[in-house]
Amino acid sequence: ILGPVAVGIIRLIQNIIGALNVVLLAIENFLPTKFSALYERESFDSLYTYFKKVSIIGLIGLSVFALFLSLFSSDLLTLLYGKEYSQYGYIMNWYVFIFIFMFLIVPLRGMLRTINETKIWFTAYMITSLFSLLAFYPLEKEFGINGVMFGILSAHVLLIGITWHKLKKIIRIRFESN
């Protein structure tokens, strides 16, 4: 089981990355309104086009920012917390990469809410939760902090994968019916 230092490092990194959560919250508050307006006033096609646009632009912008943070993760930790923390830059790199997937969840969830397909989200979330319960302890025991970070990343990828797989079927049906 992770010791107090490892848990502290994870929390320290979460505090830095947590500042980006404000951006995610803003997007999460803005997108459903925009998605709903497009869906109601225009069409599913317009909604889907905007969904792709937001996802791609956000992914590119966040990836550039993530690359910057990754390149200077150790320096940033040194600047904010002191030289003794610079060795944990690789944990920040994990979190920055995970954050990209956290972003991708926002438009997916917004899309599902807009088209009233929240059962997909619930199902994907339940499967991901079950995965987390089963996988995290063995990952942490075998690989330590890297196993924990891999488990967090895997859970996000699984959530997106299940959701996207189900959403693609709905998109195909909606486009075929037009």
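The values are calculated or read from the model by the stated rules, or taken from the named source; none is laboratory data. In this text, all values refer to a predicted model and were calculated from it rather than measured experimentally. Cβ: placed from backbone, ideal geometry, glycine included. Neighbour counts: every protein chain shown. Ligands, DNA and RNA are excluded from the accessible area calculation, which covers all protein heavy atoms including side chains. Shrake-Rupley method; radii C 1.70, N 1.55, O 1.52, S 1.80 Å.
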*asked:* For region 127-156, which positions are open to solvent by less than 30 Å² (accessible area, probe 1.4 Å) and among the acidic types (Asp, Glu)?
replied: 140
*Here is a list of conditions, (1) surrounded by fewer than 17 Cβ atoms within 10 Å (Cβ to Cβ); (2) more than 19 Å from the chain's Cα centre (by Cα), and residue 161 meets all of them except one; can you say which number that is?*
(2)
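For every residue, the table says whether it meets (1) under 28 Å from residue 169 (Cα atoms); (2) under 14 Å from the mean Cα position of the chain (by Cα); (3) surrounded by fewer than 16 Cβ atoms within 10 Å (Cβ to Cβ).
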residue: 46; (1), (2), (3): yes, no, yes
residue: 54; (1), (2), (3): yes, no, no
residue: 69; (1), (2), (3): no, no, no
residue: 76; (1), (2), (3): no, no, no
residue: 84; (1), (2), (3): no, no, yes
*Any idea which residue in region 164-178 is most open to solvent (accessible area, probe 1.4 Å), counting only those that are basic (Lys, Arg) and out of contact with any Phe, Trp or Tyr (no Cβ under 7 Å at 6 or more places or on another chain)?*
172
*If you check 61, 3, which single one turns out to be within 16 Å of the chain's Cα centre (by Cα) and surrounded by fewer than 17 Cβ atoms within 10 Å (Cβ to Cβ)?*
61
*asked:* When you check residue 29 against the structure, is it at positive phi and open to solvent by 60 Å² or more (accessible area, probe 1.4 Å), yes or no?
replied: no
*Identify all residues within region 115-126 that are loosely packed, with under 14 Cβ neighbours inside 10 Å and on the phi < 0 side of the Ramachandran plot; write none if there are none.*
118, 119, 122, 123, 126
*Have a look at 72, 51 and point out the one that is touching a helix residue (DSSP H, G or I) at 6+ places or on another chain (Cβ under 9 Å) and closer than 27 Å to residue 118 by Cα.*
51
